[in-house]
Every structure is written in C-alpha cells, then in structure tokens.
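What follows is a single structure, written as structure tokens, with notes after it.
The values are calculated or read from the model by the stated rules, or taken from the named source; none is laboratory data. Since this is a predicted model, take the numbers as computed values, not measurements. Glycine also receives a Cβ, built like all others from the backbone with ideal geometry; neighbour counts cover every protein chain displayed. Note: areas computed on protein heavy atoms with side chains; ligands, DNA, RNA excluded. Shrake-Rupley method; radii C 1.70, N 1.55, O 1.52, S 1.80 Å.
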Amino acid sequence: MLIYPEFDPVAFAVGPLQVRWYGLMYLLGFAAAWFLGVRRTHQSWAPVTANQFADLLFYAAVGVILGGRLGYSLFYQWDYYSQRPLEILMIWRGGMSFHGGLVGVLAACWIFGRRVGRGFFEITDFVAPLVPIGLALGRIGNFINGELWGRTSDVPWAMVFPHAGPFPRHPSQLYESALEGVALFVVLWLFSARPRPTMAVSGLFLLGYGLARGSVEFFREP
C-alpha cells in the first residue's frame, strides 16, 4: 500500500487570492492545446490559420468551463446546487463533468465553424488531438484534490484517500490520466500527422476515449 501524498489544494496565494492546483491544471491544458494547435496550423491541410485558432481556443475554453460545470451540477449534484445556484460559479472547488465539457466544446466548434465557413467535422478533426493532454492534467487535478477515487483494492499501489474511508483504493484518477490522456494523445497525434478522411480523427478520439474510460470504470468507485 502506498501513502497518499496529502497535497495542499492551494498552489499559492497572493493576499486573499488563492490559486488552486485544480485551476492550474486547466490553465496548463489550455496552454498545451494552444502550443500544439499553433503547430498544427502550419500543416497545409489545416482548416484554420494561427489567428483563427486563437479564437477557436477561446470558444472551446468557454465551452469546456460552462459545459463541464453545468453538466456536473445538473447530472451529479442538482439537489445541492439547486439550493445554492451561486456556487455553480465556484469552479475552483472542483466538480466538472467530461460529457458536459464535450457538449460545450462541440457547440463551440459548431458556432466557430459557421463563423469561418468550415464544416463541423473539419473543426472537430482539428481539435480532437489537442484534447487528451487537458484530460490528463484534469485527472491529475482530481488526484491532487483527493476526489474521484477508485474501488477498494489490495494491489501494492493502492492508497488510502482522505474522506474515502480507511481502506486502500485504486488511484483510478492516475489510470485515467495515463489512458485517456497520455496514451490517447500519442495515438491521435500520430494518426493525424497526415491528412485523413473527414470524421476519421474525431471518430478515433471517441473510440479511444470510450475504450479508456470504459476500462477504468472497472477500477473506479461509482
């Protein structure tokens, strides 16, 4: 059994302003997407220019935050947030859903595509390989927050998480970070290095994420 490193969820503070690791993971995810996306705009087949991509990233960031937070609030904690609606805005406390964020990003891609005269799947094929690094960092944020832990286990790397009882559990956040984050990124980045049929990259993302997430669900506490 490993000892869970009890992180301070606050990375640093400037006076009354607290900057939390969870928020920093999202910031790093957007920074990685910007860096990688600008590189992809240099490809002759890229559907957007570097300047257009900056706008697309802004749309996507809004979609991730609004969609992820609203999805979590509506599907997982509606009884709580319906009584405290202002706390929905407190994203630094954690609580984002992937499926809500996905809907938000898809809406952003559709709106942006109409604005620049590009097809929806042209945009999603471009964006898909940029997403897994953000997913990996987001799961690390979950691990630092000590949330979304796994099922009880006696594997040597199991951990006792705060607020999860006295028994060791799978660090399923790290499993997801590795599979739906790092591994999926490598597969998509290599696959999309040359032109592919429309929807192929988007389809591979959905297939890869589904396999990774479905596999980890066997080890994650519902």
field: Angle in degrees between helix 200-216 and the longest Cα principal axis of the chain, rounded to the nearest 10
entry: 10
- request: Take the alpha carbon gyration tensor of the chain, find the square roots of its eigenvalues, order them as a ≥ b ≥ c, and report rounded if a/c is under 1.5; if not, report prolate when a/b exceeds b/c, else oblate.
  value: prolate
Among 111, 161, 99 the positive-end extreme of the charge dipole of the chain (Cβ point charges): 111
field: Under 5 Å, built H, 5+ apart or other chain: amide partners of residue 4
entry: 160
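State, as an integer percentage, the relative contact order of the chain based on alpha-carbon contacts under 8 Å between residues 6 or more apart. Walk me through the numbers before you get to the answer.
Working: 323 pairs, mean separation 50.8, N = 222.
Across the chain, relative contact order equals 23 percent.
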query: Between rounded, prolate and oblate, where does segment 58-160 land on the alpha carbon gyration tensor, with a ≥ b ≥ c its root eigenvalues, rounded for a/c under 1.5, else prolate if a/b exceeds b/c?
result: oblate
Whole-Hz couplings from phi, Karplus 6.51/-1.76/1.60, listed for segment 153-163; x for Gly and Pro: 7, 10, 5, x, 9, 5, 10, 8, 8, x, 6
- request: Measure off 7 Å from each Cα along the Cα-to-Cβ vector at residue 194 and residue 157, then give the distance between these two points in nanometres to one decimal.
  value: 3.5
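Which of the peptides 46-53, 114-121, 77-84 is most tightly packed, and how do the rest follow, judged by the mean count of other Cβ atoms within 10 Å per residue?
Details: 46-53: 16.5, 114-121: 14.0, 77-84: 11.6.
Highest-to-lowest ranking by the protection proxy: 46-53, 114-121, 77-84.
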- request: Enumerate by residue number the chymotrypsin sites (Phe, Trp or Tyr not before Pro) in segment 156-190 meeting two conditions: DSSP loop (anything except H, G, I, E, B), and at most 12 other Cβ atoms within 10 Å of the site's Cβ.
  value: 157
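Treating only the Cβ atoms of Lys and Arg (+1) and Asp and Glu (-1) as charged, compute the dipole magnitude of segment 93-222 about its Cα centre; round to the nearest 20 debye. Show your work: numbers first, answer last.
Details: 11 positive and 8 negative charges, 77 e Å.
Dipole magnitude for segment 93-222 comes out near 380 debye.
At 222 nm, what helix-only mean residue ellipticity would the chain give, in deg cm²/dmol to the nearest 500, using -39500 (n - 2.57) for each DSSP H run of four or more?
Values: 9 runs with 123 residues, N = 222.
Estimated from H runs of four or more residues: -18000 deg cm²/dmol.
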- prompt: Hey, any idea what % of the chain's accessible area is carbon plus sulfur with a 1.4 Å probe?
  reply: 68
- line: With residue 98 itself left out, Lys, Arg at +1 and Asp, Glu at -1 over residues whose Cβ is under 13 Å from its Cβ give +1
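Rounded if a/c is under 1.5, else prolate if a/b is larger than b/c, else oblate: which is segment 5-96, with a ≥ b ≥ c the root eigenvalues of its Cα gyration tensor? Could the numbers behind the result be given before it?
On the way: a/c = 2.88, a/b = 1.62, b/c = 1.78.
Judged from the Cα gyration tensor, segment 5-96 comes out oblate (a/c at least 1.5, b/c at or above a/b).
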Charge-dipole axis of segment 1-128 as Lys and Arg at +1 and Asp and Glu at -1 on Cβ define it, positive-most pick from 70, 49, 89: 49
- line: Karplus-derived 3J(HN,Hα) from phi for segment 24-36 (6.51 cos²θ - 1.76 cosθ + 1.60, θ = phi - 60°), whole Hz, x at Gly and Pro, runs 5, 5, 5, 4, 5, x, 5, 5, 5, 4, 5, 4, 5
query: Once amide H atoms are placed 1.01 Å from N in the peptide plane, what residues at a sequence separation of 5 or more from residue 20, or on another chain, have their amide H within under 5 Å of its amide H?
result: 11
- line: Under a Gaussian network model of the chain whose springs join Cα atoms within less than 10 Å, the largest fluctuation of 113, 134, 210 belongs to 210
query: Size of the dipole of the chain about the Cα centre, Lys and Arg at +1 and Asp and Glu at -1 on the beta carbon, nothing else charged, in debye to 20?
result: 580
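Please give the per residue accessible area of the chain, computed with a probe of 1.4 Å over protein heavy atoms only, in Å². Present the calculation step by step, with values, prior to reporting the outcome.
Numbers: 12190 Å² over 222 residues.
Heavy-atom SASA per residue in the chain reads 55 Å².
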message: From zero outward in steps of 10 Å, how is the percent of C-alpha pairs of segment 176-222 spread across the bins?
response: 27, 49, 19, 5
